[in-house]
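Trainee: Below is one structure. I have some questions about it.
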Amino acid sequence: MKLAERIARLDIESAFDVLVKARALEAKGRSIVHLEIGEPDFPTPPNIVDAAKQALDQGWTHYGPTQGLPELRESIAAYISRTRSISVSPRHVCVVPGAKPVLFFSMLALLEPGDEVLYPDPGFPIYRSMIRYLGATPVPVPLLEARGFSLDLNILRDKLSSRTRLLILNSPQNPTGGVIPAEDLHEIAAMVRNRDLMVLSDEIYSRIYYTAEAPASIASLPGMLEKTILLDGFSKTYSMTGWRLGYGVMPEWLVEGVNKLMVNSNSCAASFTQRAALSALAGPQTAVEGMVNQFRQRRDVFCQALNTIPGFRCVPPGGAFYAFANIEETGAASTDVADFLLERAGVACLNGGSFGEHGEGYVRFSFANSLENLQEAVRRIQAVRNDLIRKDGK
Ligand code: PLP
């Protein structure tokens, strides 16, 4: 037997690969500062953990409705309506195990072979992986460092075609931390409003931002709600990555497709985690605010320190918890820089090229780690930098 041909079209996520390499070095006694994996380093807030324990004691241990518990869909609909200034009903909400299934199911439900999908490059590697898996055509749209890693709107306009079926937006963004300015979203909405396509707006980092205003959502703009799949979830906001709970807000005709895919794959998301999620949305938000304040402080300290190292340049990100450092001045390929930093400095980070061809020349550091560890990482990079910078002095 052999694997079906389509499996070869699926990519992996380099964060998980680098984690394995880093752990192997640690098993040999090396000390590694982990700046590769993209998850908050804080515990899940206690009110959420308590709610899960209570739910287990109360017997929330059985199958539930495929689309999600009605009370949670109600709560998510109210939350999204409030935070995005739109009117969303629980009928539009699909609760799924993690945010990834929102990507997976909505793309499975929408795309035919040959359809074109526009997506940010550098971007979350799963986008391209899913597009290729489905036989659709990936059309990367570069992000511009000079514009805080927002999309190049001219290229976006040029790449829209009669075959474009989906446009993926991600703000705040992985891997760059870029936030799409509200005026850009207005322009994008004007470009796509009258086209026969959907927008998948990945807003998983919606609460983790350092800008004065919360990042805008394209779903809030006139005529866009019925063309948008809004993706969000509990993983990043409430430090619940291992709980696997996310949701999509989408038009009802698409909910039908996603429900069918859910019933064929998962049946439903775990019932007790959904009960805990109710407490996440209804409970105090002080833990979220505390996390974001710490991320902001780490961002400032880490980016400032990185900018003092010759060969490294880092625009402080507007959101998420990633510093996407430009390393072109080192003269080395980003995959070599990432390997070098892991092997020589004991600092695990990700090669920017693993996020797409426009990520070449960068490495991604996650600053979801303690201030002490981030400062240690900078010291380690400083200590080896002379071996990294090209010898011809250019
Ligand atoms: N979208 C983006 C941009 C992400 O960075 C991630 C996780 O890293 C996800 C979606 C997936 O989130 P989840 O862990 O809830 O599936």
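None of the figures in this text is laboratory data; all of them are computed from the coordinates on show. Since the model is a prediction, treat every value here as computed from it, not as a measurement. A quick note on method: Cβ atoms are made from the backbone with ideal geometry, for glycine too, and the neighbour counts reach across all protein chains shown.
Trainee: Once you keep just the Cα pairs under 8 angstrom separated by 6 or more residues, what percentage relative contact order results for the range 48-282?
Mentor: Taking the mean separation of contacting Cα pairs over the length of the range 48-282, I get 31 percent.
Trainee: Under a 5 Å amide H to amide H cut-off, with H placed in plane at 1.01 Å, what residues pair with Val96 once short-range neighbours are removed?
Mentor: Amide H to amide H, under 5 Å and 5 or more residues apart or across chains, Val96 pairs with Gly246, Tyr247, Gly248.
Trainee: As an exercise, find the ratio Rg/Rh for the range 41-145 from alpha-carbon atoms, using the Kirkwood inverse-distance average for Rh.
Mentor: Rg divided by Rh gives 1.07.
Trainee: Treating each Cα of the range 187-265 as an identical point scatterer and ignoring solvent, apply the Debye formula and state log10 I(q)/I(0) at q = 0.13, 0.15, 0.17, 0.23 Å⁻¹.
Mentor: For the requested q values the scattering log ratios are -0.50, -0.65, -0.80, -1.14.
Trainee: Related question: Suppose the Debye formula is applied to equal point scatterers at every Cα of the range 202-247; what is log10 I(q)/I(0) at q = 0.15, 0.31 Å⁻¹?
Mentor: Relative scattering, expressed as log10 I(q)/I(0), comes to -0.45, -1.07.
Trainee: Exposure proxy check: Phe295, Phe355, Phe324, Phe340 ranked by fewest other beta carbons within 10 Å?
Mentor: With the sparsest Cβ surroundings first, the list reads Phe340, Phe295, Phe324, Phe355.
Trainee: Check each of the chymotrypsin sites (Phe, Trp or Tyr not before Pro) in the range 1-82 and keep only those in coil by DSSP with at most 10 other C-beta atoms within 10 angstrom; list them in order.
Mentor: Those satisfying the criteria are Tyr63.
Trainee: Within the chain, what percent of beta bridges assigned by DSSP are antiparallel, to the nearest 5?
Mentor: 50
Trainee: Still on this structure, I have one more. Could you name the aspartates and glutamates whose alpha carbon sits less than 17 Å from that of Lys159, not counting residues in the same chain fewer than 8 places away?
Mentor: Cross-link targets: Asp115, Glu116, Asp121, Asp184, Glu187, Asp196, Glu357.
Trainee: How much of the DSSP bridge set in the range 48-282 is antiparallel, in percent, rounded to the nearest 5?
Mentor: About 35 percent, rounded to the nearest 5.
Trainee: Considering amide H positions built from the backbone, and no H for Pro or chain starts, which residues 5 or more places from Met198, or on another chain, come under 5 Å of its amide H?
Mentor: So Met198 has HN proximity to Leu166, Leu167.
Trainee: Okay, moving on. Rounded to the nearest 500 deg cm²/dmol, what is the calculated helix-only ellipticity per residue at 222 nm for the chain, with -39500 (n - 2.57) per DSSP H run of length n ≥ 4?
Mentor: Helices in the chain give a 222 nm mean residue ellipticity of -12000 deg cm²/dmol.
Trainee: To continue, here is another question. Through the Karplus equation 6.51 cos²θ - 1.76 cosθ + 1.60, θ set to phi - 60°, convert the phi angles of the range 119-124 into ³J(HN,Hα) values in whole Hz; use x for Gly and Pro.
Mentor: Taking θ as phi minus 60°, the curve returns 8, x, 9, x, x, 4 Hz for the range 119-124.
Trainee: In what sequence do Val292, Val117 fall when counting other Cβ within 10 Å, fewest first?
Mentor: Val292, Val117
Trainee: Now a separate question. How long are the semi-axes of the equivalent ellipsoid of the range 48-282, taking √(5λ) for every eigenvalue λ of the Cα gyration tensor, in whole Å from largest down?
Mentor: So the three semi-axes of the range 48-282 are 30, 20, 16 Å.
Trainee: Okay, moving on. Cross-link list Lys53/Lys236; Lys28/Lys100; Lys21/Lys236; Lys100/Lys227; Lys53/Lys100: which exceed 31 angstrom alpha carbon to alpha carbon?
Mentor: Lys28/Lys100
Trainee: How far is helix 271-282 tilted off the main Cα axis of the chain, in degrees rounded to 10, range 0 to 90?
Mentor: It works out to around 80 degrees.
Trainee: Can you give the log10 of the normalised intensity I(q)/I(0) at q = 0.07, 0.09, 0.10 Å⁻¹, computed with Debye over equal Cα scatterers of the chain?
Mentor: Here log10 of I(q) over I(0) equals -0.32, -0.53, -0.66.
Trainee: Report ³J(HN,Hα) in whole Hz for each residue of the range 23-40, in order, from the Karplus equation J = 6.51 cos²θ - 1.76 cosθ + 1.60 where θ = phi - 60°; Gly and Pro get x.
Mentor: Computed from phi, the couplings for the range 23-40 are 5, 5, 5, 5, 5, 8, x, 7, 8, 10, 8, 8, 10, 9, 8, x, 8, x Hz.
Trainee: Now a separate question. By how many degrees, 0 to 90 and rounded to 10, does the Cα axis of helix 70-84 deviate from the longest principal axis of the chain?
Mentor: 60
Trainee: Taking only Cα atoms and a 10 Å spring cutoff, compute GNM fluctuations for the chain and point out the largest among Ala15, Ala277, Ala146.
Mentor: Ala146
Trainee: Counting residues in the range 1-82 as N, plug N into 2.2 N^0.38 Å and put the Cα Rg over that result.
Mentor: Compared with the compact-globule rule of thumb, the range 1-82 sits at 1.73.
Trainee: Something else: How tilted is helix 46-57 with respect to the longest principal axis of the chain? Cα atoms for both, answer in degrees (0 to 90, nearest 10).
Mentor: Result, in degrees: 50.
Trainee: Continuing with the same structure: DSSP loop (so not H, G, I, E, B), at most 12 other Cβ within 10 Å: list which trypsin sites (Lys or Arg not before Pro) in the range 1-46 pass both filters.
Mentor: Of the trypsin sites (Lys or Arg not before Pro), the ones in loops of the range 1-46 whose Cβ has at most 12 other Cβ atoms within 10 Å are Lys2, Lys28, Arg30.
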